[in-house]
Amino acid sequence: MKPTTEQELSDAIASANAPLAIRGGGTHPGHVTGDVLDTTGLQGISLYEPGALTMIVQAGTRLSEIQAALDSENQDLAFEPEFWPAAIGDSTIGGIVAGNISGPRRIQAGACRDALLGLRFVDGSGTVLKNGGRVMKNVTGYDLVRLLAGSWGRLGVISEVALKVRPRPEAQATVILNGLSDTDAVKNMSIALGSPYEITGAAHSPQNSASQAQTYLRIEGFEKSVEYRISELSKLFSKIDTKLVTDATRSEMIWANIGCGGDFAKDSGALWRISCKPSDAAELVARLDPDVVQYDWGGGLIWVVLPSDVDARARLGAFDGHATLIRGADFPMRHPETGPLARLTAAVTAKFDPRGVLNKGDA
Amino acid sequence: MEMPVPDKGVLSRKAQIVARLRTALPADAVIDATAETLAYECDALTAYRCPPMAVVLPRTTQEVSAALSICHEEEVPVVPRASGTSLSGGALPTADCVILGTSRLTDVLETDYDNRFIRVQTGRTNLSVSGAVEENDFFYAPDPSSQLACAIAGNIAMNSGGAHCLKYGVTTNNLMGVTLVLMDGTVVELGGAHLDAGGLDLLGVICGSEGQLGVVTEATLRILRKPEGARPILMGFDSNEIAGACVADIIKAGIMPVAIEFMDRPILELVEDFAKAGYPDCEALLIVEVEGSDDECDAQLARIKDIANRHNPVELREAADEDQAARIWLGRKSAFGAVGRVADYICLDGTIPIAELPNVLTGMRSLSEKYGLKVGNVFHAGDGNLHPLIMFDANKPGDLELCEAMGADILRLCVDLGGCLSGEHGVGVEKRDLMLDQFTHDDLEAQMQVKDVFDPKWLLNPAKVFPLSLTLSRREARQ
């Protein structure tokens, strides 16, 4: 099935009598079973007002097409959705929203959910629904937009997305701190993030056989401002061996590598994504004892590669956060929930998809 | 304002219900004397009043849970109330309800600068959250105008914004976790010190649910390091249209001010009479604030001035020092007071795409003529969040109704232009009956089914947000 309009999408879901596997650009990392419902027929940018920082786009539109349009106005998506190691090829905006996918800038500019102004979607009964709108502030009724973001298609199939876009920063630069242990790296990232310099990326690659440990801090903004903030940051870390990358292109390459093209994306084994309290990160990594590790979000996000037969959750035990399996092992994709939270999640899902046809299996 | 007929069964069991609440809560935490419940008869939407049956003022999550669990068993409606500053009647009681007040839940539970969050009990006021981290130069970003009085519980219920949310976002963008008590007394933890949800983002739907899904007793809030400095610039223009175009140009140029505030002539005249801020004589006035070091502020203001000059401003005035900065903000901050001094008013909260600014202001002017009521505008222009103040005389029979009818027309205009009914005040009772102007029945049914999950008996704040006709069968199911 490949609907090209919202109405066709609604008809396809309403008439489905077996589970549907929603598919756009292959962003979903889980094993979803059912007849493929291809969303890439829902195409195109229906509204783009650069002066209002607003874009409305059909859910099956490829991220590359959206970025090309934004490029022409020197704008971008603040949440850096291009950094997602699970996508095979080119994600659709619907998949990105369904996964609430957000890159390094999440710590400063917010997640995908924070850039969403409104959604149109079709629930599990085939009913066409809208929530939110296209304006910057909106508290009219319940916020189903954020409920849908990160729901991975279990509540409805997104048909249209209204996004807040932003002017691309004029300049960027990166400070690299060399040779820090994981614990010290997280501590120093916290110092940077607690400074007034509005760090837009804070990541750490521990020492491995090929290279020494490096901790990265990114500044973006007006040229003069970046210059000033980078020099202030260097002063803050005067006792650490630091290197400045002031060339914007080289700085961009560093962050593209950290986001999803880093070493971990290429490695065999199972890739896990762990969301945690930053100051717990080094201890959690010690528990995991991974083959490869990359810290992002100042320590609040950890990517690890483990052997396929190792259950990261068993090694982690209880902690403030959750672990998502991205690929390479036979464990559930999502961190299991318990107690009243599990009950509420199941009940909300059953309301939106009473027949249980949307993205079942290990979704 | 239509409200549900009080449940006679509940009213007849008042003594028994209050007695049960007294066994579960400390003696001073349950109020049922008529003279005392009167203090809770309304919130900041003062046109509507109704004393509740009783009030409970718990001090802990456990006490909230005990009180809710009793009300659940007794099938008593519960209206949660934080500081009672809602402009949309979110905390308006019914005669058969128990008000659950958060005013005694004021503790700071944890302050964590390394991980940049604070965990507080939600009766704490917005400003005192920032106050708790100020000595370390941190702050909590959402800053509603009522921040001295309004509490975090209400901010979460309404997903409150403020003047600086253009840069920092509204409550939902700064809320990391909550302790939520469901109507049946169940305590649920959502989110925490980590940044994203592992499963469904239930925290996202709790924020802004107007106290209809549960009572939030504790919250983990993101705190930020204060900027090195901030500086406003004031600019006056010959027309609303020109000021609107200037706003769009600033935003498009990639400058990210923390605030862009807009005032039109009717407001400016009242403000000048009242606050003597020395504003220029003009049709529309903007206040733009930027943040950073001195040099960074200079650089951003230079760009803003360049843009403004292209629109032939009547005046451009930069603040050279703190005192001048305070004078620029003085008029804006006294705007509501300036209006309140000469008239009764209702404050609307519709939001529009910013390109529609001139259209909505023109539309408002003709509605003002049609209804014969004066309207002034003071609002957050950067994000299109309008605050039209419609002035009326509460002592003149029929004037409030006329004012409300005009307000409804203005909000419909906002929706017609691609906007929404409420940008930051919430729906409450005030905009409840306009919801079908913005949403379809199906859209609202999808929202109501979320309440069905969290509060199957529809006991929590049941007469708000949705038109009463749509919720009737759900509310009656329990009676």
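Bear in mind that the values in this text are calculations on the coordinates, not laboratory data. These numbers come from a predicted model, not from an experiment. Neighbour counts run over all protein chains shown; Cβ positions are idealised from the backbone, glycine included.
Things worth noting here:
- Helix-only [θ]222 nm of chain B, DSSP H runs n ≥ 4, -39500 (n - 2.57) each, per residue, nearest 500: -11000 deg cm²/dmol
- By other beta-carbon atoms within 10 Å, ranking A:Asp311, B:Asp28 with the fewest at the front produces B:Asp28, A:Asp311.
- Those lysines that a straight Cα-Cα span of less than 22 Å connects to B:Lys333, excepting residues fewer than 8 apart in one chain: A:Lys137, B:Lys167, B:Lys226, B:Lys276, B:Lys374
- Its residue count N fixes a reference of 2.2 N^0.38 Å for segment B:270-414, and the Cα radius of gyration divided by that reference is 1.18.
- Relative contact order (%) - segment B:334-464, alpha-carbon pairs under 8 angstrom, separation at least six: 27 percent
- Working note: 222 nm ellipticity from helices only, DSSP H runs with n ≥ 4, each -39,500 (n - 2.57), summed and divided by the residues of chain A, gives -8000 deg cm²/dmol to the nearest 500.
- Additional length obtainable on full extension of the chain from A:Gln212 to A:Arg168, 0.36 nm per residue less Cα span: 12.7 nm
- Near A:Thr39, once Lys and Arg are set to +1 and Asp and Glu to -1 for all other residues with Cβ below 12 Å from its Cβ, the sum equals -1.
- Anisotropy class of segment A:1-52 from Cα gyration tensor, a/c 1.5 cut: oblate
- Surface/4 of the Cα convex hull for chain B, nm²: 22.5 nm²
- Taking a ≥ b ≥ c as the square roots of the eigenvalues of the Cα gyration tensor, an a/c ratio of 1.5 or more together with a/b larger than b/c marks segment B:158-237 as prolate.
- Inter-chain Cβ neighbour average for residues A:125-133, partner chain, 10 Å: 4
- Sites matching GluC sites (Glu not before Pro) across segment B:277-384 that sit in DSSP coil, with at most 11 neighbouring C-beta atoms within 10 Å: none
- Fewest neighbouring Cβ atoms within 10 Å first, the residues B:Met235, B:Met435 line up as B:Met435, B:Met235.
- Between the amide H of B:Cys207 and any residue lying 5 or more places away or on another chain, no distance stays under 5 Å, with hydrogens modeled in the peptide plane.
- Shape class for chain A: oblate, because the ratio a/c of the largest to smallest gyration tensor axis (alpha-carbon atoms, square roots of eigenvalues) is 1.5 or more and b/c is at least a/b.
- Size descriptors for segment B:8-101: radius of gyration and Dmax over Cα atoms are 12.4, 35 Å.
- Rounded to the nearest 20 debye, the dipole size of segment B:3-139 about its Cα centre is 480 debye, using +1 on the Cβ of Lys and Arg and -1 on the Cβ of Asp and Glu.
- FRET efficiency, B:Ala320 to B:Val108 (Cβ-Cβ, R0 35 Å, nearest 0.05): 0.40
- Label zone at A:Ser46 (point 7 Å along Cα-to-Cβ), backbone N below 14 Å, segment A:1-38: A:4-10
- For B:Lys8, a cut-off of 22 angstrom between C-alpha atoms picks up these lysines, skipping any fewer than 8 places away in its own chain: B:Lys457, B:Lys464.
- Remark: mean inter-chain Cβ contacts per residue of B:445-456 equal 5, using a 10 Å Cβ-Cβ cutoff to other protein chain atoms.
- Sorting the segments A:320-326, A:217-223, A:135-141 by their mean number of nearby beta carbons within 10 angstrom, highest to lowest, gives A:135-141, A:217-223, A:320-326.
- Assigned charges on the beta-carbon of Lys, Arg, Asp, Glu; segment B:125-275 dipole about Cα centre (debye): 340 debye
- Relative contact order (%) - chain A, alpha-carbon pairs under 8 angstrom, separation at least six: 19 percent
- Paramagnetic label reach from A:Thr246 (point 7 Å along Cα→Cβ; backbone nitrogen cut-off under 20 Å): within segment A:208-224, residues A:216-224.
- The magnitude of the dipole of the protein assembly as shown, with charges of +1 and -1 set on the Cβ of Lys/Arg and Asp/Glu and taken from the Cα centre, is near 1260 debye.
- If you look at the Cα atoms of segment B:228-333, you get an Rg and a Dmax of 12.9, 36 Å.
- Of the GluC sites (Glu not before Pro) in segment B:1-103, those whose Cβ has at most 11 other Cβ within 10 Å and which sit in DSSP loop: B:Glu2
- Within segment B:285-363, trypsin sites (Lys or Arg not before Pro) in DSSP loop having at most 14 other beta-carbon neighbours inside 10 Å: B:Arg310
- Sequence of A:Thr215, A:Thr183 once ranked by neighbouring C-beta atoms within 10 Å, starting from the fewest: A:Thr183, A:Thr215
- Each Cα pair under 8 Å and six or more residues apart adds its sequence gap; the mean of these over the residue count of chain B is a relative contact order of 14 percent.
- Other protein chain Cβ atoms within 10 Å, averaged over every residue that makes up A:146-157: 4
- In this structure, the pairs whose alpha-carbon distance is over 22 Å, taken from A:Lys224/B:Lys305; A:Lys187/A:Lys235; A:Lys187/A:Lys224, are A:Lys187/A:Lys224.
- The peptide list B:142-148, B:153-159, put in order of mean Cβ contacts within 10 Å with the highest first, becomes B:153-159, B:142-148.
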